[in-house]
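The values are calculated or read from the model by the stated rules, or taken from the named source; none is laboratory data. This is a predicted model, so every value here is computed, not measured. Here the Cβ positions follow ideal geometry from the backbone for every residue, glycine too, while neighbour counts run over all protein chains shown.
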């Protein structure tokens, strides 16, 4: 029990920073300053987990395994590699000729940010949601507290391996969100500029309480 407390004390600042990006829109400020409130309603937790196709402990295990080994970052990297070898003209033609609207959106996002992403790519999106999922799953008894912190410790480690500063981490998350949400949320970055600015510059920001490097 004492070891769990020590682990929680060490990792909680990372949890607060990484999950601060998971709640956008008008409620973002409140949840950033009151992170525990994100897990206060079991019905909301279940709805959020259902978006990740998590409705039981088996689903949870599968989701965390996928976020650890693949996540959205693997597909993003593969498509980025494919587009990067095309000329600008052929790239645009390939996207235009893609019939599936979801795939077309993903390719368009990649083309827009090709060569402009931090080294970690969109991995921040996978890692932040993985940590959020761990906290949410523990709240509804899908995992023990020990398992929760063991998983979080791993995702924090992956985040630190991939990014050296929070502004790069936030950029990776934001682009991952646009990539994930589809064309209906293509304005995500613009809609959340105020939230991002507060996370970067406010003295109360969880980013100010812990460093990635």
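Only one residue in 72, 79 is surrounded by 15 or more Cβ atoms within 10 Å (Cβ to Cβ) and more than 28 Å from residue 14 (Cα to Cα), so which one is that?
Details: 72 fails: more than 28 Å from residue 14 (Cα to Cα).
Going through 72, 79 in turn, just one is surrounded by 15 or more Cβ atoms within 10 Å (Cβ to Cβ) and more than 28 Å from residue 14 (Cα to Cα): 79.
Regarding segment 113-131, can at least one residue be identified that is surrounded by 12 or more Cβ atoms within 10 Å (Cβ to Cβ) and over 23 Å from residue 14 (Cβ atoms)? So far as segment 113-131 goes, yes, one or more of its residues are surrounded by 12 or more Cβ atoms within 10 Å (Cβ to Cβ) and over 23 Å from residue 14 (Cβ atoms).
Any chance segment 23-30 includes a residue that's surrounded by fewer than 17 Cβ atoms within 10 Å (Cβ to Cβ), more than 21 Å from residue 147 (Cβ to Cβ) and either touching a strand residue (DSSP E or B) at 6+ places or on another chain (Cβ under 9 Å) or modelled with pLDDT of 95 or more (or both)? No - not one qualifying residue is present in segment 23-30. Looking across segment 172-205, just one residue is part of a loop (DSSP other than H, G, I, E, B), surrounded by 16 or more Cβ atoms within 10 Å (Cβ to Cβ) and modelled with pLDDT of 85 or more, and that is 205. Can you find even one residue in segment 115-123 that is outside any loop (DSSP other than H, G, I, E, B) and either without any contact (Cβ under 8 Å) to a residue 24 or more places away in the chain or at positive phi (or both)? Scanning segment 115-123 turns up no residue that is outside any loop (DSSP other than H, G, I, E, B) and either without any contact (Cβ under 8 Å) to a residue 24 or more places away in the chain or at positive phi (or both).
Can we say residue 91 is over 23 Å from the mean Cα position of the chain (by Cα), surrounded by 18 or more Cβ atoms within 10 Å (Cβ to Cβ) and assigned to a helix (DSSP H, G or I)?
yes
Identify, from the list 77, 63, the residue that is in contact (Cβ under 8 Å) with a residue 12 or more places away in the chain, under 30 Å from residue 198 (Cα atoms) and assigned to a helix (DSSP H, G or I).
Numbers: 63 fails: under 30 Å from residue 198 (Cα atoms).
After ruling out the rest, the residue left standing is 77.
Residues of segment 136-160 being surrounded by fewer than 20 Cβ atoms within 10 Å (Cβ to Cβ) and under 15 Å from the mean Cα position of the chain (by Cα), which ones? Result: 154, 157, 158, 160. The set of residues in segment 48-60 being surrounded by 15 or more Cβ atoms within 10 Å (Cβ to Cβ) and either assigned to a helix (DSSP H, G or I) or in contact with a strand residue (DSSP E or B) (Cβ under 7 Å, 6 or more places away or on another chain) (or both) consists of 48, 49, 59, 60. Residue 109 meets the stated requirement of being assigned to a helix (DSSP H, G or I) and in contact (Cβ under 8 Å) with a residue 60 or more places away in the chain.
Do we find a residue being within 17 Å of residue 180 (Cβ to Cβ) and in a helix (DSSP H, G or I) anywhere in segment 80-87?
At the first step, the residues of segment 80-87 found to be within 17 Å of residue 180 (Cβ to Cβ) are 80.
Filter once more, keeping what is in a helix (DSSP H, G or I): 80.
Checked segment 80-87: at least one residue is within 17 Å of residue 180 (Cβ to Cβ) and in a helix (DSSP H, G or I).
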